[in-house]
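Where a number appears in this text, it was derived from the coordinates with a stated rule and is not lab data. Please read all numbers here as calculations on a predicted model, not as lab measurements. All Cβ positions, glycine included, derive from the backbone under ideal geometry; neighbour counts span all protein chains shown.
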Amino acid sequence: MNKQILILALGAVISFTGCKKEAGSGGTSAITGHITAKEYATNGSNSDEAEITQIIIPNGEDIADGDYILLNTPAGGTLYYLWFKWNNGVQPDPNLAGRTGIQVTFDFTETNSMVAANALTAINATAGNDFVTTINNDILTLTNTAFGFVADADELSSNLLVDIQNQGQSAVTGSTLISEGPIADERVYLIYGDEEYYSESVRTDANGNYRFSGLNRGDYTIFVFSTSLSDGSTTQVESSVTISEKKSIVSAPGLNIIK
């Protein structure tokens, strides 16, 4: 009888021990979650910059009579179109609504550098207040005199080539939200139970999702790093998760960070 009591007592201890939750690897459960991020531009993150546009001019014979390029200035400024007219051409002025035309007269026998010189003269005469224009053989470089964002110049379907050397922008004042949504390739950390340091980490997929697999029952902490808007320091954003059953998938609360 005493042996039976002892066996039962040992069985109860083993049974109780088996129910104990010990966080860690080697189990059959998983934790999944989702990370979103807000991206801000703050004071000092950028400064006033001017748009710089390069136009590569081909030989006269490669420019169609009436070809044109759209040239822009920051919001509130004058919008232009630079159009090319043969000396004896028949194409009329495009007269694009809301834009000021800059006419470049040339001969189809002229070289690329000669046509570029004609264009330089025309731009300076009509839009000299809005652009500082320089020439290097067949390349014109136009620098907007006003700082700020500018819609990029467009050569449309002509043989004239446009290249944006520097994107215009205005300095940011205060904190401006640029984007918000799921963040890819962000590292997520997992702490087992009451341990002081993280035990494993994974990265989010393209949709901001992550998964820790092969876990035992127990209590876990998920954390990611976020950036403070006030001083740029790094802070830890976390959530707690408990796995109560074997072979279960537990969803962690979503975390939002600032980048």
Q) Which three semi-axes in whole Å describe the equivalent ellipsoid of the stretch 73-141, each the square root of 5 times a Cα gyration tensor eigenvalue, listed largest first? A) 21, 17, 7
(Q) Sorting check: for 91-101, 134-144, which peptide has the highest mean count of neighbouring beta carbons within 10 Å, and how do the rest follow? (A) 134-144, 91-101
Q | Derived scalar couplings ³J(HN,Hα) [the stretch 66-78; Karplus, 6.51 cos²θ - 1.76 cosθ + 1.60; whole Hz; x for Gly, Pro] | A | x, 4, 8, 10, 8, 10, 10, 10, x, 3, x, x, 7
Q: Give the shape of the stretch 139-259 as rounded, prolate or oblate, defined through the alpha-carbon gyration tensor: a ≥ b ≥ c are the square roots of its eigenvalues, a/c under 1.5 means rounded, and otherwise the shape is prolate if a/b is larger than b/c and oblate if not.
A: prolate
Q. Direction-averaged shadow area of the convex hull around the Cα atoms of the stretch 52-166, nm²?
A. 6.4
Q: Only Cα pairs under 8 Å and at least 6 apart count here; give the relative contact order of the stretch 21-112 as a rounded whole percent.
A: 26
